[in-house]
């Protein structure tokens, strides 16, 4: 019986090591140079792809993107819309959770979108005075970082991408994306 217990313990330890090793090699599915795909939604950015090498457990995927802002200022009578009021670049973030039940054989597709910025900026800091309205018309994304946690709180993958040139509305060409 003690020999059987030793074999059982050895098998359990081996399975635990295999699970730990596979969870330690999380990557984007599709080979060595795989990159997520991106879509510029105007005021938000969506990243999607498929993860591989996951262990068992819930997954949290976060995105942190930097964008150049295109805005205008409108006077209180809504008669004058002054273009070219472009505030400093901003960061937008978003996240999505994937339950362990959706991870199949260490793989899962994902899609994560930044929260949309409000179209109006309170206090109109980039306009002639606070009585005007400052309106964000578009975001042109220049970079994005995707972070994968499994379990939540343990980062297992970080992918940082730059866009050159900055994005414009719609799908982002793979030729314009460089990720590390």
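Once you keep just the Cα pairs under 8 angstrom separated by 6 or more residues, what percentage relative contact order results for region 26-179?
Numbers: 388 pairs, mean separation 45.5, N = 154.
The normalised contact order for region 26-179 reaches 30 percent.
How far, in nm, would the chain grow between residue 50 and residue 129 when pulled straight, counting 0.36 nm per residue and subtracting the alpha carbon separation?
Details: separation 79, 0.36 × 79 = 28.44 nm, distance 4.71 nm.
Stretched fully, the residue 50-residue 129 segment lengthens by 23.7 nm.
With r as the distance between the Cβ atoms of residue 37 and residue 115 and R0 = 22 Å, compute the FRET efficiency 1/(1 + (r/R0)^6) and round to 0.05.
Values: r = 20 Å, r/R0 = 0.89.
According to the calculation, E is roughly 0.65.
Starting from the Cα-Cα distance between residue 93 and residue 142, subtract it from 0.36 nm times their residue separation and give me the gain in nm to one decimal. Write down the numbers at each step before the final one.
Working: separation 49, 0.36 × 49 = 17.64 nm, distance 1.37 nm.
Here the segment from residue 93 to residue 142 would lengthen by 16.3 nm.
Sorted by packing (mean other beta-carbon atoms within 10 Å per residue), highest first, where do 64-72, 107-115 land? Walk me through the numbers on the way to the answer.
Details: 64-72: 20.1, 107-115: 16.9.
Top to bottom by mean Cβ count within 10 Å: 64-72, 107-115.
If you take the square roots of the eigenvalues of the alpha-carbon gyration tensor of region 26-179 and sort them as a ≥ b ≥ c, do you get rounded (a/c under 1.5), prolate (a/b over b/c) or oblate?
Details: a/c = 3.42, a/b = 2.28, b/c = 1.50.
Prolate shape, in that a/c is at least 1.5 and a/b is the bigger ratio.
Can you give me the distance in nm between label points at residue 100 and residue 70, each placed 7 Å from the Cα along the Cα-to-Cβ direction?
4.7
So between residue 79 and residue 173, what do we pick up on full extension, going 0.36 nm a residue minus the alpha carbon distance? All intermediate terms of the calculation are to be shown ahead of the outcome.
Values: separation 94, 0.36 × 94 = 33.84 nm, distance 3.78 nm.
Working it through step by step, the gained length comes to 30.1 nm.
Given an 8 Å cut-off on Cα distances and at least 6 residues of separation, report the relative contact order of region 90-154 as a percent. Don't skip to the answer; put the middle values down first.
Values: 45 pairs, mean separation 14.3, N = 65.
Result for region 90-154 is 22 percent.
Values in this text are rule-based calculations from the coordinates and carry no lab data. Note that the coordinates shown come from a computational prediction; the quantities given were computed from them, not determined experimentally. Neighbour counts run over all protein chains shown; Cβ positions are idealised from the backbone, glycine included.
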